[in-house]
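Undergrad: Okay, handing you the structure first.
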Amino acid sequence: MHYTGTLYRNPYEPPSPMLEITQGCTHNACKFCTMYKDVPFRMSPLEWVEEDLQEIAACAPDTRRLQLIGADPFCMSFSRLEGICDLVHQYLPQVKIMTMAARVDNVKNKTVEELRILREKGMAEVNLGVESGDDWTLRRINKGYHAADILEQTRRLDEAGIAYWMTFLNGVAGREHSREHALHSAEIFSQCHPMVVGTGGLTLFPGTPLLEEAEHGD
């Protein structure tokens, strides 16, 4: 398998093969994150994808669920993702569900009809690293989008029939803004239709701008 670095998977995802289709993160600028700090974004060559599918088919030919791995592989164009779907079905015809991580703004470059086609081809679930529904917090941690974008893009996923998970990062707004972070996130998330809202607690990792701000009392 062409695994090029540390692999991250949804801890709630049922055990299933992992197919890496991108490396790095298209944004790679969130102030709290070091996961892909030194990993330039790139798409896996389709030759790698096909070779890895051949390997999975040899080991687990009856695979019905597949994890497409990368920080936000849903960033890829409709045509690229459709081609990967077709390759998956060529080598793993039993696959019914493909899942992957995504940023909210990954959804914008596809029409609802294109999203529907991807759903019909098995791209059934995306894991959205939303972190907050509060605009102040989203700006502070440099997520690269606004609360209104969360509503707009999840509605498009709803319309296409693609299920999604959402994350809430507790503590990321600091003590002074924690209440607004929680309340505004609840207001936004309650207008969406996620399968799950998962919450985690903030860790200030060495080398992150957020830790530097904390050390300076900001």
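Undergrad: Suppose we keep only residues that are polar (S, T, N, Q) and open to solvent by 40 Å² or more (accessible area, probe 1.4 Å) within the stretch 182-194. Which one would you say is nearest to residue 169 (Cα to Cα)?
TA: Quick first cut of the stretch 182-194, residues polar (S, T, N, Q) only: 185, 190-191.
Filter once more, keeping what is open to solvent by 40 Å² or more (accessible area, probe 1.4 Å): 190-191.
On the way: 190: 16, 191: 18 Å.
Per the criteria, the residue is 190.
Quick grid of which residues meet (1) over 22 Å from residue 128 (Cβ atoms); (2) of a type outside the set (Phe, Trp, Tyr); (3) surrounded by fewer than 21 Cβ atoms within 10 Å (Cβ to Cβ):
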position: 20; (1), (2), (3): no, yes, yes
position: 48; (1), (2), (3): yes, no, yes
position: 58; (1), (2), (3): yes, yes, yes
position: 73; (1), (2), (3): no, yes, no
position: 91; (1), (2), (3): yes, no, yes
position: 99; (1), (2), (3): no, yes, no
position: 102; (1), (2), (3): no, yes, no
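Residues are listed down the side, and each one gets a yes or a no for (1) over 21 Å from residue 32 (Cβ atoms); (2) out of contact with any strand residue (DSSP E or B) (no Cβ under 9 Å at 6 or more places or on another chain); (3) of a type in the set (Asp, Glu); (4) modelled with pLDDT of 95 or more:
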| position | (1), (2), (3), (4) |
| --- | --- |
| 134 | no, yes, yes, yes |
| 146 | no, yes, no, yes |
| 164 | yes, no, no, yes |
| 169 | no, no, no, yes |
| 190 | yes, yes, no, yes |
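Undergrad: Continuing with the same structure: Out of the residues in the stretch 172-181 that are among the small types (Gly, Ala, Ser) and open to solvent by 30 Å² or more (accessible area, probe 1.4 Å), state the one that is nearest to residue 202 (Cα to Cα).
TA: Step one: list which residues in the stretch 172-181 are among the small types (Gly, Ala, Ser), which gives 173-174, 178.
Among the residues that remain, those that are also open to solvent by 30 Å² or more (accessible area, probe 1.4 Å) are: 174, 178.
On the way: 174: 10, 178: 12 Å.
Among those that are among the small types (Gly, Ala, Ser) and open to solvent by 30 Å² or more (accessible area, probe 1.4 Å), it is 174.
Undergrad: Go over the candidates 81, 53 one by one and state the one that is under 15 Å from the mean Cα position of the chain (by Cα), touching a residue at least 24 places away in the same chain (Cβ under 8 Å) and surrounded by 19 or more Cβ atoms within 10 Å (Cβ to Cβ). First the steps, then the outcome.
TA: Working: 53 fails: under 15 Å from the mean Cα position of the chain (by Cα).
Just one listed residue meets the conditions, 81.
Undergrad: Would you check which residues across the stretch 195-214 are open to solvent by 60 Å² or more (accessible area, probe 1.4 Å), among the β-branched types (Val, Ile, Thr) and out of contact with any strand residue (DSSP E or B) (no Cβ under 9 Å at 6 or more places or on another chain) and list them?
TA: Scanning the stretch 195-214 gives a single hit, 203.
Undergrad: Could you check, for the stretch 90-99, whether at least one of its residues is in a strand (DSSP E or B), in contact (Cβ under 8 Å) with a residue 24 or more places away in the chain and under 13 Å from the mean Cα position of the chain (by Cα)? Break it down stepwise before answering.
TA: Here is the first cut: in the stretch 90-99, the residues in a strand (DSSP E or B) are 97-99.
With in contact (Cβ under 8 Å) with a residue 24 or more places away in the chain added as a condition, the list becomes 97-99.
Checking which are under 13 Å from the mean Cα position of the chain (by Cα) leaves us with 98-99.
There is at least one residue in the stretch 90-99 that is in a strand (DSSP E or B), in contact (Cβ under 8 Å) with a residue 24 or more places away in the chain and under 13 Å from the mean Cα position of the chain (by Cα).
Undergrad: Is it the case that some residue within the stretch 116-134 is under 21 Å from residue 69 (Cα atoms), surrounded by fewer than 17 Cβ atoms within 10 Å (Cβ to Cβ) and free of Cβ contacts under 8 Å to residues at least 12 places away in the same chain?
TA: There is at least one residue in the stretch 116-134 that is under 21 Å from residue 69 (Cα atoms), surrounded by fewer than 17 Cβ atoms within 10 Å (Cβ to Cβ) and free of Cβ contacts under 8 Å to residues at least 12 places away in the same chain.
The values are calculated or read from the model by the stated rules, or taken from the named source; none is laboratory data. These numbers were taken from a predicted model, which means no experiment stands behind them. Please note: Cβ atoms are built from the backbone with ideal geometry, for glycine as well, and neighbour counts cover all protein chains shown. Protein only, heavy atoms only, side chains kept; ligands, DNA and RNA dropped before computing areas. Shrake-Rupley method; radii C 1.70, N 1.55, O 1.52, S 1.80 Å.
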